Amino acid sequence: MNRHRKGILILGLETSCDETAAAVVEDGSRIICSLIASQVEIHSRFGGVVPEIASRRHLETINELVDRALTEASINLQDLDAVAVSNGPGLVGPLLVGVATAKALAYAARLPLVAVNHLEAHLYANFLTGHAIDYPLVALIASGGHTELLHLPAPGKPVVLGRTRDDAAGEVFDKVSRAMGLGYPGGPVIDRLGAEGDPERITFPRAYLDDNGRFDFSFSGLKSAVINYLHHSRQRGEEVNAADLAASFQSAVVEVLVDKTVDAARECRVKSVLLAGGVAANSRLRRCMRERLARNLPGISLHIPPLELCTDNAAMIAAAAFPPYREGRFAPLHLNAVPGLRSGCS
Amino acid sequence: MACSVALLQDDLLLGEYTLNTRKTHSERLMPLIDSLLRECAVEREQLGAVAAAAGPGSFTGIRIGLATARGLAQGLGIPAAGVSTLEAAAEAVMVPGALICPILDARRSQVYAALYRREPAPELDLETLIPPAAGALSSLVEKLKTYREPVVFTGEGLSSYGSYLEESLGSRAILAVPPSRFNRAGLVAWRGRMLLKANPGLSYRELLPIYLRRPEAERRAGEEKGGEVFGGNH
Ligand SMILES: [Zn+2]
């Protein structure tokens, strides 16, 4: 197999939670192939991700996935320009498998290794769609594990404006869904049900926090309010309109996410706003963000990844590795997994 | 578990690093491999095969070693062999007829252990008398009492359990000297070489962990197999 591509080819590996993934991306923007071996079914009977089971599975899966990715891309390991891996944040056992694998592969093939912050990598899903994105930009990353608002004045230089102080946005969707008896994962179910309900039927609290942390998020109060509402209704024997409840809850989450993102975009005088992470798949969030930006900040372009790139994948890891690759910021052989890795310091 | 790396050229041990400190294997392993190759003036492309301890032992430690070995084997396109940590430990005892019992601490008041008999020359293979298992040391000792010969104990578990073995088995318990109890990569490489001679087609795909224990979540879900853990097949 001969090298017939001109761009920079990066192999990305992702094992931070319950998806084993490998992908080859060219120039940080073109997916050559992106493979995901999901463990969702294995963990579903435990009601959540079991780190030891996930770690075992990653080890059994990852090398074959790399082989398949290279075969699909019609290249050899030697045709790559770098290997990239997420070394945090995430679950330590699963992360260690990816980090050890990536280090050994890169060492064996004499390729540079790039360490990628998993959370930041989510926003790079937007760079895989073929649209040009102008800096500076503000990115809202919201999923089951994280909620962060980042400012990127230039490529690869994220500044954290705010993060969640308690539950992640996707986490409250799951918890509210469970309390309503709608199952897991909660995001798609509430999105669908909420579309048929009245979002103004029930007024739930919106936490905007004080001036010091006004770009921070807090969703635990909202979660408690929804659970209390359900509890009191049941005590009084009143029937709960599930569609109205889902719509009202969703509207409370979305309003805070949109308000803070739009405020941040205005203040940082950005040219683009990016959504990323599993919650970016929410249709109300997508619609409200688009409407608010068009109304308040016309001229700023909004980027939202396609659904399959909102959740964890390795293409976003390879894409996120492109700026550090170009600057020659490579990881040492003693690279470790950092479960609590913060943004802006991968 | 110690972090150990060795380079074997045919039967000759060119070099070995063994560290028994707290720093994580994740940070240590690759730099040690790189340093050993440099010291021995061997290029990574010259490696003919890779062997790794497959367990039993610390789940995380085993996975770091195996993931590294898998990546090296895949990246270099060379064969790979997974070696039982208990068998590698038993390799240090080459006395024909000897009963050898490697013991590793398995936490939760249990040990990983097995009982081997060193076969007579010229083969000197290891015959398995009690297959590797995780269990209470007391139940292992009960099994060992059914043998008359002395038992040579080795393995890192001796630092916690050596005195108990001497108390229960008296003069029949022979403990390896402390520095020779640690898992050593030289012995893993040696054993791996034997496995690859017998089966040259082994690849990273066969490099699978020997956990001997299910994940805690599965055990709690009531899926643990019942019965005796140190079964024995004599
Ligand atoms: Zn994620």
All but one of (1) open to solvent by less than 60 Å² (accessible area, probe 1.4 Å); (2) outside the structural domain of A:His146 (by TED's automatic domain parsing) hold for A:Leu293, so report the exception by its number.
-> (2)
Answer with yes or no whether B:Val152 is over 21 Å from B:Ala54 (Cα atoms) and in contact with a strand residue (DSSP E or B) (Cβ under 7 Å, 6 or more places away or on another chain).
-> yes
Taking segment B:8-41 and keeping residues hydrophobic (A, V, I, L, M, F, W, C) and either farther than 21 Å from B:Ile62 by Cβ or surrounded by fewer than 16 Cβ atoms within 10 Å (Cβ to Cβ) (or both) leaves B:Leu12, B:Leu13, B:Leu14, B:Leu19, B:Leu37, B:Cys40, B:Ala41
A careful count of residues in segment A:30-64 that are over 17 Å from the mean Cα position of the chain (by Cα) and touching a residue at least 60 places away in the same chain (Cβ under 8 Å) gives 4
State whether the residues of segment A:8-31 include one that is more than 16 Å from the ligand (Cβ to nearest atom) and farther than 25 Å from A:Glu120 by Cβ.
-> no
So which residues in segment A:54-76 are facing chain B (nearest Cβ under 9 Å) and buried (at least 21 other Cβ atoms within 10 Å of the Cβ), if there are any at all?
-> A:Ser55, A:Arg56, A:His58, A:Leu59, A:Ile62, A:Asn63, A:Val66
Identity of the residue in segment A:17-46, β-branched (Val, Ile, Thr) and closer than 15 Å to A:Val85 by Cβ, that ends up farthest from the other protein chains (Cβ to nearest Cβ) | A:Val25
In segment A:77-92, which residues are farther than 21 Å from A:Leu119 by Cβ, touching a helix residue (DSSP H, G or I) at 6+ places or on another chain (Cβ under 9 Å) and within 11 Å of another protein chain (Cβ to nearest Cβ)?
-> A:Leu77, A:Leu80
Residues A:Asp167, A:Asp174, A:Asp191: which one is part of a loop (DSSP other than H, G, I, E, B), more than 17 Å from A:Glu239 (Cα to Cα) and assigned by TED's automatic domain parsing to the domain that holds A:Ala247?
-> A:Asp167
For B:Tyr161, the lone unmet condition from (1) over 20 Å from the mean Cα position of the chain (by Cα); (2) crowded, with 16+ Cβ neighbours inside 10 Å; (3) of a type in the set (Phe, Trp, Tyr); (4) not in a loop (DSSP other than H, G, I, E, B) is (1)
For segment A:36-53, enumerate the residues that are open to solvent by 20 Å² or more (accessible area, probe 1.4 Å) and either under 10 Å from A:Pro94 (Cβ atoms) or hydroxyl-bearing (Ser, Thr, Tyr) (or both).
-> A:Ser38, A:Ser44, A:Val49, A:Pro51, A:Glu52
Can you confirm whether segment B:73-87 contains a residue that is assigned to a loop (DSSP other than H, G, I, E, B) and touching a Ser or Thr at 6+ places or on another chain (Cβ under 7 Å)?
-> yes
Under 25 Å from A:Val240 (Cα atoms) and surrounded by fewer than 20 Cβ atoms within 10 Å (Cβ to Cβ) - does that describe any residue in segment A:160-170?
-> no
Identify, please: which residue in segment B:85-120 is open to solvent by less than 10 Å² (accessible area, probe 1.4 Å) and of a type in the set (Val, Ile, Thr) and is, among those, farthest from B:Pro209 (Cα to Cα)?
-> B:Ile100
Pairs with Cβ under 9 Å, 6+ apart, first in segment B:62-85 and within 7 Å of chain A (Cβ to nearest Cβ), second charged (D, E, K, R) and open to solvent by less than 10 Å² (accessible area, probe 1.4 Å) | B:Ala67/A:Lys103; B:Thr68/A:Lys103; B:Gly71/A:Lys103
Under the condition of being touching a Pro at 6+ places or on another chain (Cβ under 9 Å), in a helix (DSSP H, G or I) and within 16 Å of the ligand (Cβ to nearest atom), which residue from segment A:253-287 is nearest to the other protein chains (Cβ to nearest Cβ)?
-> A:Gly278
Which one of B:Ala173, B:Ala185, B:Ala217 is touching a strand residue (DSSP E or B) at 6+ places or on another chain (Cβ under 7 Å) and free of Cβ contacts under 8 Å to residues at least 24 places away in the same chain?
-> B:Ala173
Note: among A:Ser301, A:Ser343, A:Ser272, A:Ser283, just one is within 22 Å of A:Val99 (Cβ to Cβ) and of a type in the set (Ser, Thr, Tyr), namely A:Ser343
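The values are calculated or read from the model by the stated rules, or taken from the named source; none is laboratory data. Model, not experiment: these values are computed from the prediction. Cβ sites come from the backbone with ideal geometry, for glycine too, and all protein chains shown count toward neighbours. Accessible surface is based on the protein model in full, side chains and every heavy atom, while ligands, DNA and RNA are left aside. Shrake-Rupley method; radii C 1.70, N 1.55, O 1.52, S 1.80 Å.
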